[in-house]
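Report on the following structure.
What follows draws every value from the coordinates through simple rules; no lab data is involved. Just so it is clear, the model here is predicted, and its values are computed rather than measured. Counting neighbours? That spans all protein chains shown, and the Cβs are built from the backbone with ideal geometry, glycine included.
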Amino acid sequence: MTMRKKIINFFNTDSPKKDYEGFKINRLSFQLGMINCFVEMVACGLKTLAISPPLSPKDYSSIKEASEKMVKAFGIKSYLEKSLLVTDLQPAEFTKGKWSILYYKEESVLRKYLDLKNLQECLLRDKKYDTKARKNISRKFMRLLSYPEDTIKEKLSKKPVSPFILVDE
């Protein structure tokens with residue numbers, strides 16, 4: 001089984017997993033752990049914008065309350081995104097049909113994200129979304145996520161990969 005299929009299978013099942021030398025990993029608990037980390041990074045100023053792992057609507061319903069408690073406790077804000085901006089950061093199929101929660105401190109960060117998404121939609125509609133425009137939007141999105149410039153350059157030079165790798169080949 002390929003790495004991609006292992007990851008997809010992990011996120012598409014509700015049952016606990018037996019991985020990592022017998023430790024059971026429950027997908028929702030794992031997602032909440034990632035969310036907690038991202039929320040703290042935003043609260044501490046390490047990231048201006050952070051994104052939850054892609055969530056099915058059912059999973060979102062299950063973690064919504066916990067996410068909101070973290071947001072309140074850390075004094076930041078969140079926004080439910082039902083159609084995450086597709087860029088060169090990750091493959092489109094990674095978030096297709098899934099929801100993501102955006103975490104941020106300043107309203108201006110959310111506005112920049114929504115403006116970027118709107119720009120992409122306009123370029124697509126006007127058939128002007130070429131390679132240069134895609135790379136530009138991808139670069140701006142990664143900057144919002146506080147990626148260092150060398151990491152952005154590296155990611156833009158490669159084929160997008162799913163960012164949540166849980167098991168070795």
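Remark: the range 3-156 carries a charge dipole of roughly 380 debye about the Cα centre, counting +1 on each Lys and Arg Cβ and -1 on each Asp and Glu Cβ. When only alpha carbons are used to place a centre, the range 19-81 and the range 131-152 end up 23 Å from one another.
Here the range 24-98 yields Rg over Rh of 0.95, to two decimals, using C-alpha coordinates and the Kirkwood radius. For the set 82/127; 105/127; 69/153; 77/159, the pairs lying more than 27 angstrom apart at their alpha carbons are 105/127; 69/153; 77/159.
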